[in-house]
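Engineer: Input: one structure, supplied below.
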Amino acid sequence: GWLFRSRALGWPLRLALRRLVLSRDFWLKGLGASYGARGRGDADRLRAYAARYAIPSRARGWEAGLLAFTASRLEQTLAPAPDWDVAARLVAALEAPDVPLDRVLVIHGAEDPIVPVANSRRLAGHLGARLVEVPGAGHCPHEEVPGEVEAAVSAFLDEW
């Protein structure tokens with residue numbers, strides 16, 4: 001994180017980030033890369049979501065938060081070992097007797113290029129939860145095919 005907090009490098013990084021994020025195609029290309037084939041196929045919806053994603057980047061000081069987030073992610077990625085303490089705490093919380101794991105629905109875009117669907121398969125398997133893999137959707141199935149996600153959630157809730 002020192003790179004992003006450095007005074008000498010901080011302002012040039014902020015300036016570069018601001019120019020990049022305020023460019024016309026930044027959000028459109030980013031979402032296009034994270035969406036599956038079905039999400040990318042609806043150009044009007046993709047443009048509408050890209051415009052909404054760009055709104056926070058117009059707030060004063062937003063780049064400091066984004067740089068801090070980026071630095072944190074880089075530090076985690078470059079760390080020599082995963083944070084097993086966090087994983088152990090999560091497993092312990094999920095194994096608590098009052099957690100109704102049969103009432104968990106995991107929804108994942110089958111074409112997610114960011115988080116492998118295998119992660120959600122493992123999670124759902126460990127929890128004994130239901131997994132809905134949305135065909136043709138990427139990282140944001142709730143944006144790409146909202147009707148299908150709503151139908152999956154509604155059907156799940158109707159069972160209770």
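Each value in this text was obtained by applying a stated rule to the coordinates, not by laboratory testing. Everything numeric in this text was worked out from a predicted model, so none of it was measured. As a convention, Cβ positions derive from the backbone with ideal geometry for all residues, glycine included, and neighbour counts pool all protein chains shown.
Engineer: Extension gain V91-L157, at 0.36 nm per residue separation less the Cα-Cα distance, in nm?
Structural biologist: That pair, V91 and L157, stretches by 21.3 nm at full extension.
Engineer: Can you list the HN-Hα couplings for the range 23-29, worked out from phi with the Karplus curve (6.51, -1.76, 1.60; θ = phi - 60°), rounded to whole Hz and with x for Gly and Pro?
Structural biologist: 5, 4, 9, 3, 5, 4, 5
Engineer: Residue by residue through the range 125-130, which ³J(HN,Hα) values in whole Hz follow from phi under the Karplus form 6.51 cos²θ - 1.76 cosθ + 1.60 (θ = phi - 60°), with glycine and proline marked x?
Structural biologist: x, 5, 7, x, 8, 8
Engineer: Check G109: other-chain or 5+ apart residues with amide H under 5 Å from its amide H, H built from backbone geometry?
Structural biologist: Residues meeting the amide H criterion: V134.
Engineer: I need the shape label for the range 18-73. Rule: rounded when a/c is under 1.5, else prolate if a/b > b/c, else oblate, with a, b, c from the alpha carbon gyration tensor.
Structural biologist: Because a/c hits 1.5 or more and a/b exceeds b/c, the range 18-73 counts as prolate.
Engineer: Within 10 Å, count the other beta carbons around each residue, average over each peptide in 134-143, 30-39, 47-56, and list them highest first.
Structural biologist: 134-143, 30-39, 47-56
Engineer: What residues qualify as long-range amide H neighbours of R130, i.e. H under 5 Å apart, gap of 5 or more or another chain, H built at 1.01 Å from N?
Structural biologist: Under 5 Å from the amide H of R130 lie the amide H atoms of V104, V106, each far enough along the sequence or on another chain.
Engineer: Next question. Give a residue-ordered list of calculated ³J(HN,Hα) values for the range 49-60 (Karplus: 6.51 cos²θ - 1.76 cosθ + 1.60, θ = phi - 60°; whole Hz; x for Gly, Pro).
Structural biologist: Once θ is set to phi - 60°, the couplings for the range 49-60 become 5, 4, 5, 5, 5, 6, 4, x, 6, 8, 7, 5 Hz.
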